[in-house]
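Enquirer: Take this structure, written in structure tokens, and hold onto it; I'll ask about it next.
The values are calculated or read from the model by the stated rules, or taken from the named source; none is laboratory data. Since the structure is predicted, the reported quantities are computational estimates derived from the model, not experimental observations. All Cβ positions, glycine included, derive from the backbone under ideal geometry; neighbour counts span all protein chains shown. Heads up: the accessible areas ignore ligands, DNA and RNA and are worked out on the full protein's heavy atoms, side chains in. Shrake-Rupley method; radii C 1.70, N 1.55, O 1.52, S 1.80 Å.
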Amino acid sequence: MGLIMRRLHCTVLATVAAVSFASVASAADMPAKAPVYKAPVVAPVYNWSGIYVGGNVGGAWSTTDWTKTTVFGPEVSSNKASGVIGGGQIGFQKQWDNIVAGIDVGWSGANLNNDLVALDTVAILRRYQAKVNSIFTAAGRLGYANNQWLFYGKGGYASANVELNEFNVGTGTDQANHYSQRGNGYVVGLGVEYALPQNLIVGVEYNYIRVKPADATGVNLPGWIAANDSAITSQINSVTVRLSYLFHAWQ
């Protein structure tokens with residue numbers, strides 16, 4: 001009886017060992033479980049399409065060339081001035097891939113005022129005063145967007161109010177040679193903008209503006225018989241900081 005029990009016990013142990021070995025071998029042959037794939041988080045790409053409105057402030061430098069033709073010959077003066085410029089802008093634009101195109105309209109107030117003292121054609125010392133203010137632009141913009149950055153160029157129509165006055169320095173009298181007119185011309189510029197949170201856009205822009213008012217004809221000085229014809233051209237360079245709010249009117 002004891003012999004039978006020992007044999008039965010050995011048989012059971014052998015069976016358990018065989019089953020355990022088979023389970024381990026089967027588990028080793030099973031393929032390892034693949035890791036769960038997680039897609040990388042992609043930051044949203046900024047969309048520049050929409051309508052924007054904002055303000056700007058900066059500095060401007062102007063040169064107003066004034067050529068007056070008299071019976072004694074031409075008188076030429078070139079008045080240079082600088083000052084603060086500021087105003088507002090409004091525009092709309094559309095983005096295609098990295099290309100952004102639109103229209104920008106702006107108005108700026110300025111007081112670019114300068115006096116130039118010089119001898120005229122008959123050796124009389126005169127003070128020529130030139131003022132440039134009230135600048136308007138309407139230009140097309142074309143740019144390249146790199147997510148929140150936008151680099152662009154612009155070009156189009158510009159106008160500015162130009163005022164000229166002349167005085168006799170020796171006598172202190174007003175020469176009655178006054179001229180004030182809005183000149184028409186063009187604007188070209190470059191700029192860069194960065195999109196901030198809450199649809200705000202900050203940028204820096206450079207503009208070159210050239211306007212030519214109509215020639216002033218038939219302006220007489222006191223006591224003079226002949227009229228004086230004046231030809232005027234004004235050039236303005238400006239650098240401004242812009243802050244705008246973008247309304248995403250379309251996507």
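Enquirer: Could you tell me whether the stretch 77-85 includes any residue that is closer than 21 Å to Gly156 by Cα and either modelled with pLDDT of 95 or more or assigned to a strand (DSSP E or B) (or both)?
Expert: Our first condition is that a residue be closer than 21 Å to Gly156 by Cα; within the stretch 77-85, this holds for 85.
Those left that are additionally either modelled with pLDDT of 95 or more or assigned to a strand (DSSP E or B) (or both): 85.
Yes, the stretch 77-85 has at least one match.
Enquirer: Looking only at the stretch 85-105, which residues are crowded, with 20+ Cβ neighbours inside 10 Å, under 20 Å from Val45 (Cβ atoms) and touching a residue at least 40 places away in the same chain (Cβ under 8 Å)?
Expert: Listed by number, the residues that qualify are Gln93, Gln95, Val100.
Condition check ((1) assigned to a strand (DSSP E or B); (2) modelled with pLDDT of 95 or more; (3) open to solvent by less than 30 Å² (accessible area, probe 1.4 Å)) across all residues:
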| residue | (1), (2), (3) |
| --- | --- |
| Lys154 | yes, yes, yes |
| Val162 | yes, no, yes |
| Gly170 | no, no, no |
| Glu193 | yes, yes, yes |
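Enquirer: Residue under question is Trp48, and the condition is that it be at pLDDT 75 or above, surrounded by 15 or more Cβ atoms within 10 Å (Cβ to Cβ), touching a Lys or Arg at 6+ places or on another chain (Cβ under 9 Å) and more than 18 Å from Arg242 (Cβ to Cβ); does it hold?
Expert: no
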